[in-house]
Amino acid sequence: MSKQFDVIVIGGGPGGYIAAIRAAQLGFNVACIDEWKNEKGGPAPGGTCTNVGCIPSKALLQSSEHFEHANKHFAEHGITATGVKMDVAKMIARKDTVVKQNNDGILYLFKKNKVSFFHGRGSFVKAAEGGYEIKVAGAAEETLTGKQIIIATGSNARALPGTPFDEELVLSNDGALRVGAVPKKLGLIGSGVIGLEMGSVWRRLGAEVTILEGLPTFLGAVDEQIAKEAKKAFDKQGLKIELGVKVGEIKTSKKGVSIAYTNAKGEAQSLDVDKLIVSIGRVPNTIGLNVESVGLQLDERGAIVVDADCKTNLPGVWAVGDVVRGPMLAHKAEEEGVAVAERIAGQHGHVNFNTIPWVIYTSPEIAWVGRTEQQLKADGVKYKAGSFPFLANGRARALGDTTGMVKMLADAETDEILGVHIVGPQASELIAEAVVAMEFKASSEDIARICHAHPSLSEATKEAALAVDKRTLNF
């Protein structure tokens, strides 16, 4: 006898668990199925973000940043620290604790909101009367029936053809978060978010890091001026970034990993490292979902096809997050999860893709929302640009981190903000003001006229807004 639910969510990552909780809050009888396991085999909801992505990477970034400050920056504050060492095992253990706290927090929220949680892999069996039959393959197999199905199965790391992940020498983001000792030489293929963040962690702890990027430009999705500023900072830190390379044969042995490649000039090169992190993007995860049994449509990338409201080709079946079109970002998945739950309830859930912020949590941090200057030029949009360096910001000087700038782009006629781009300290927090401003169709003058606390890093945003109209208060 199958268990009956109004809504069944397959996947307990940011899109899934948020959708399940919101649907329960709206009065539905909800089940959430998730197969992630902790080291003891127990449930670990939260998906890639909580288990091997956003949360653990930030924990390691924070630990490594403390270590670098103690070794390189305490002295300028008058603090003497000698014999500073990093206990990598303890750092990893702290990261695991942070992850578990988040896992447990989600389970608590399920219980609080009366969401029925099932630990195992969910898959379609068949269309049933009034909905769909879903199998849960876990410690004990169960069958559920749901009127509405929300698929939130996330994504998996993309491997290089012919070079599978062994998570010992050739690492995905998962293995990169479980390295037990600082490698002397670390190689990364791909200079995206994961590559730069993990490269930064191990570079701070003493590894010699080389990043091989196939594209001829650094961070092609980022505003060009911001990307150039970021690369100057990374070069100064000692991250070796080679652009325009073509990776050839990769060999593993007891000594490590050997990568053959050609550089931007077409010259044959080789790189020998102790470990290699492959960070070349992610692919939608529909493994084991048994989409064929119900005729669920996938696109050429393997993503589930959805419309603007996250509806699939099947009545009563929705999909959100990394498994559908759009940016693979945890907060994008969360917004879609809430919107779908509200649409099922007959409300008007909404996601504005134009105001989804992006963040790279390196040092300096990189954050942006809206369009870049190169995109505006390509689209023929007339715009005004203003920027302000943290070098001239009093709070940044006091922090001892004056790297980077805030850049604002506004419509030349209406002054509506079209994009804000930040490289520098706490960019991940500063970008929120820009998101709010753009959601309310604010002009650069609106930001310029808002009172910002002094001294604060946010004054750089105000100064960038002032610079759009060639004015300045010179804080």
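The values are calculated or read from the model by the stated rules, or taken from the named source; none is laboratory data. Just so it is clear, the structure is predicted and the values come from calculations on it, not from any experiment. Cβ sites come from the backbone with ideal geometry, for glycine too, and all protein chains shown count toward neighbours. Accessible surface areas use protein heavy atoms only, side chains included; no ligands, DNA or RNA. Shrake-Rupley method; radii C 1.70, N 1.55, O 1.52, S 1.80 Å.
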- Among the chymotrypsin sites (Phe, Trp or Tyr not before Pro) in segment 16-97, which ones are in a DSSP loop with at most 15 other Cβ atoms within 10 Å of the Cβ? Mind listing them? PHE74
- Positive-end residue, segment 368-438 charge dipole about Cα centroid, Cβ charges, pick of VAL406, LEU376, LEU418: VAL406
- Message: Relative contact order for the chain: what percent, with Cα pairs under 8 Å and sequence separation of 6 or more?
- Response: 14
- Under 28 Å from LYS377, Cα to Cα: lysines that are on another chain or at least 8 residues apart: LYS228, LYS231, LYS232, LYS332, LYS407, LYS441, LYS462, LYS470
- On a 0 to 90° scale, report how tilted helix 330-344 is relative to the longest principal axis of the chain, with both axes built from alpha carbons and the result rounded to the nearest 10. 40
- Item | Cross-link pairs LYS126/LYS147; LYS90/LYS184; LYS112/LYS135 - those with Cα-Cα distance over 21 Å | LYS112/LYS135
- Message: When only alpha-carbon atoms are used, what values of Rg and Dmax, in angstrom, describe segment 92-208?
- Response: 19.7, 60
- Query: Please identify the GluC sites (Glu not before Pro) of segment 225-330 that satisfy two criteria: DSSP loop assignment and at most 11 other Cβ atoms within 10 Å. Which are they?
  - Reply: GLU267, GLU300
- Item | Accessible surface of SER57 - all protein chains present, 1.4 Å probe, nearest 10 Å² | 10
- Item | Length-normalised contact order for segment 1-158 - Cα pairs under 8 Å, 6+ apart - percent | 35
- Task: Please state the charge dipole magnitude for segment 1-123, taken about the Cα centre, from unit charges on C-beta atoms (+1 on K and R, -1 on D and E), reported in debye and rounded to the nearest 20.
- Result: 320
- Task: Can you send over the carbon and sulfur percentage of the accessible area for segment 176-292, probe radius 1.4 Å, protein chains only?
- Result: 51
- For q = 0.13 Å⁻¹, Debye-computed log10 I/I(0) when each Cα of segment 384-475 counts as one equal scatterer: -0.35
- Note on the structure: Among the Cα-Cα pairs of segment 132-288, the proportion with separation greater than 23 Å, in percent, is 45
- Do any cysteines of the chain lack a neighbour Cys whose Cβ is under 4.7 Å away, and which are they? CYS32, CYS310, CYS451
- Inter-centroid distance (Cα atoms) of segment 1-75 relative to segment 261-276, Å: 36
- Counting pairs of Cα atoms in the chain, how many percent are more than 33 Å apart? 44
- What nm value, rounded to one decimal, do you get for the distance between ASN263 and LYS114 when each label is placed 7 Å out toward the C-beta? 6.6
- Would you work out if segment 421-475 is rounded, prolate or oblate? Take a ≥ b ≥ c from the square roots of the eigenvalues of the alpha-carbon gyration tensor; rounded if a/c is under 1.5, else prolate when a/b is larger than b/c, oblate otherwise. oblate
- Task: Whole number in Å², please: accessible area per residue of segment 418-475, 1.4 Å probe, ligands, DNA and RNA not counted.
- Result: 45
- Query: So which of LYS40/LYS111; LYS100/LYS251; LYS72/LYS251; LYS95/LYS246 end up more than 27 Å apart, counting from Cα to Cα?
  - Reply: LYS100/LYS251; LYS72/LYS251; LYS95/LYS246
- Item | In segment 140-218, the trypsin sites (Lys or Arg not before Pro) that fall in loop regions by DSSP, at most 12 other Cβ within 10 Å | LYS184
- Query: Could you give the Stokes-Einstein D for segment 174-238 in µm² per second, using the C-alpha Kirkwood radius, 10 °C, 1.306 mPa s?
  - Reply: 127
- Query: Roughly how tilted is helix 427-439, in degrees to the nearest 10 and between 0 and 90, from the longest Cα axis of the chain?
  - Reply: 70
- Query: What is segment 264-325's relative contact order, in percent, from Cα pairs under 8 angstrom and six or more apart in sequence?
  - Reply: 27
- Message: Please compute the volume of the convex hull spanned by the alpha-carbon atoms of segment 42-166 and report it per residue in Å³.
- Response: 191
- Task: Provide the net charge surrounding PRO45, with neighbours chosen by a C-beta distance below 10 Å and charges set as Lys +1, Arg +1, Asp -1, Glu -1.
- Result: -3
